[in-house]
Amino acid sequence: MTHEVKTDSSNQKFIEVETVKGVESLRITYVKDGFTGSPCLRLNIRPHGKSPRPGPEFDLEYTPEFLSAITQLLIETK
């Protein structure tokens with residue numbers, strides 16, 4: 001599965017994944033200089049037709065742990 005990488009008004013790359021068909025999407029943005037002071041990923045919910053809601057930022061160093069936690073949760077709740 002591939003996703004279209006887009007650029008926002010701040011010239012940052014992002015991908016959106018629809019979470020509720022026709023209603024809202026999860027926006028995942030690569031932020032070059034985020035709140036953490038280093039490159040990070042930002043997660044936002046974006047209601048269709050509206051601006052993204054504020055969301056958390058994760059240092060890139062935590063990305064493997066974050067993805068591992070999601071995987072573990074999905075495996076253990078099946």
*Output the residues belonging to the range 22-36 that are more than 19 Å from F66 (Cα to Cα) and at pLDDT below 95.*
G22, D33
_Answer residue from the range 31-41, given it is part of a loop (DSSP other than H, G, I, E, B) and under 18 Å from T7 (Cβ atoms) and is farthest from the chain's Cα centre (by Cα) among those_ = D33
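Kindly provide the set of residues from the range 13-27 that are part of a strand (DSSP E or B) and either exposed (fewer than 11 other Cβ atoms within 10 Å of the Cβ) or not hydrophobic (A, V, I, L, M, F, W, C) (or both), ordered by number. Before you say what the answer is, go through the steps one by one.
So the first thing to find is which residues in the range 13-27 are part of a strand (DSSP E or B), and the list is 13-20, 24-27.
Correct list: K13, E16, V17, E18, T19, E24, S25, R27.
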*asked:* Among the residues of the range 42-78, what is the count of those that are under 28 Å from G22 (Cβ atoms) and either touching a Pro at 6+ places or on another chain (Cβ under 9 Å) or part of a loop (DSSP other than H, G, I, E, B) (or both)?
replied: 16
*Return the total of residues in the range 1-30 being of a type in the set (V, I, T), within 18 Å of D59 (Cα to Cα) and more than 10 Å from the chain's Cα centre (by Cα).*
0
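Quick check on this structure: which one of I45, I70 is surrounded by 11 or more Cβ atoms within 10 Å (Cβ to Cβ) and at pLDDT 90 or above? Explain how you work it out, then say what you get.
Working: I70 fails: surrounded by 11 or more Cβ atoms within 10 Å (Cβ to Cβ).
Unique residue meeting the criteria: I45.
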*Which number in (1) modelled with pLDDT under 95; (2) surrounded by 15 or more Cβ atoms within 10 Å (Cβ to Cβ) marks the one condition that S10 misses?*
(2)
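The values are calculated or read from the model by the stated rules, or taken from the named source; none is laboratory data. Fair warning: this is a prediction, and the values are worked out from it, not measured in the lab. Note that each Cβ is placed from the backbone with ideal geometry, even for glycine, and that neighbours are counted across all protein chains shown.
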